[in-house]
1. How long are the semi-axes of the equivalent ellipsoid of the chain, taking √(5λ) for every eigenvalue λ of the Cα gyration tensor, in whole Å from largest down?
2. For region 1-83, report the translational diffusion coefficient in µm²/s to the nearest whole number, using Stokes-Einstein at 10 °C, 1.306 mPa s, and a Kirkwood Rh over Cα pairs.
3. Checking the table Lys64/Lys154; Lys154/Lys176; Lys37/Lys64; Lys8/Lys64; Lys8/Lys37 against a 22 Å threshold on Cα-Cα, which pairs fail?
4. From the phi of every residue in region 102-112, what ³J(HN,Hα) in whole Hz does the Karplus formula 6.51 cos²θ - 1.76 cosθ + 1.60 yield, where θ is phi - 60° and glycine or proline is x?
5. With bins 5 Å wide starting at 0, give me the P(r) of region 38-99 over every alpha carbon pair, in whole percents.
6. Which of the trypsin sites (Lys or Arg not before Pro) found in region 88-127 are in a DSSP loop and have at most 11 neighbouring Cβ atoms, other than their own, within 10 Å?
7. If you scale each eigenvalue of the Cα gyration tensor by 5 and take the root, what three semi-axes come out for region 72-122, rounded to whole angstrom and sorted largest first?
8. If contacts are Cα pairs under 8 angstrom and at least 6 residues apart, what is the relative contact order of the chain in percent?
Amino acid sequence: MKAWGHFKTVNHHRFLVMKHCFQVGLYWQGLTHDLSKYSPTEFVVGIRYYTGTRSPNAVERSIKGYSEAWMHHKGRNRHHYEYWTDLDLKTGQYRAYPMPRRYLVEMVMDRIAACKTYHGKDYTDADALNYYLRARETPLLHPETSLQLRHILKMLADYGEKTTFRFLRDVVLAGKPFPFEDTSAKF
């Protein structure tokens, strides 16, 4: 039963991300989103720690102190900000780099879909922002990406999907400045 439940959850999540990505013109990313979740490294862990109410990676992390499935996943999926880190040769420390906009948009769709998947009928457009604010994203999230993400999630909470998806398509993916970058913007 856990295998079937996990399989259904992954497919439902992927379907929502695909649907949302298609709405803003990210067709390839919609089709290929999270394919690594079907790899043995991620799928077997997903079955083992499946609850249906939270990410199996979070459950694995709470038990083991880390998640092997998550480490595999974030290293293969560019829509996770953790992917966009590398060793700074000057400091010898890992540092964050800004996410390209198409992956930022996919990350937003991923967060929306995760909230819809785990909250079900109780989902609201504020859920992704609330999760972001509770999670206190790490220094591995570049400050520019953090500002952009927070702006988008706040827009989603305040104005809903239709307005936010239009902004993602017409401003973010078009490479135009965010409102906080350009005082003449009307969004």
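The values are calculated or read from the model by the stated rules, or taken from the named source; none is laboratory data. Note that the structure is a prediction, hence the values are computed from the model and not measured. Neighbour counts run over all protein chains shown; Cβ positions are idealised from the backbone, glycine included. The area values use the complete protein model at the heavy-atom level, side chains included, leaving out ligands, DNA and RNA. Shrake-Rupley method; radii C 1.70, N 1.55, O 1.52, S 1.80 Å.
1. They are 27, 21, 15 Å, listed largest first.
2. Values: Rh = 13.2 Å.
Rounded to a whole number, D works out at 120 µm²/s.
3. Details: Lys64/Lys154 34 Å; Lys154/Lys176 18 Å; Lys37/Lys64 20 Å; Lys8/Lys64 25 Å; Lys8/Lys37 12 Å.
As for pairs spanning more than 22 Å Cα to Cα, those are Lys64/Lys154; Lys8/Lys64.
4. 5, 7, 4, 5, 4, 4, 4, 4, 4, 5, 4
5. So the P(r) values, bin by bin, are 4, 18, 21, 20, 16, 11, 7, 3, 1.
6. Values: sites: Lys90, Arg95, Arg101, Arg102, Arg111, Lys116, Lys121; in loops: Lys90.
Taking region 88-127 and a limit of 11 other Cβ atoms within 10 Å, the loop trypsin sites (Lys or Arg not before Pro) found are Lys90.
7. Numbers: eigenvalues 160, 24, 15 Å².
Rounded to whole Å, the semi-axes are 28, 11, 9.
8. On the way: 207 pairs, mean separation 35.9, N = 187.
Relative contact order here is 19 percent.
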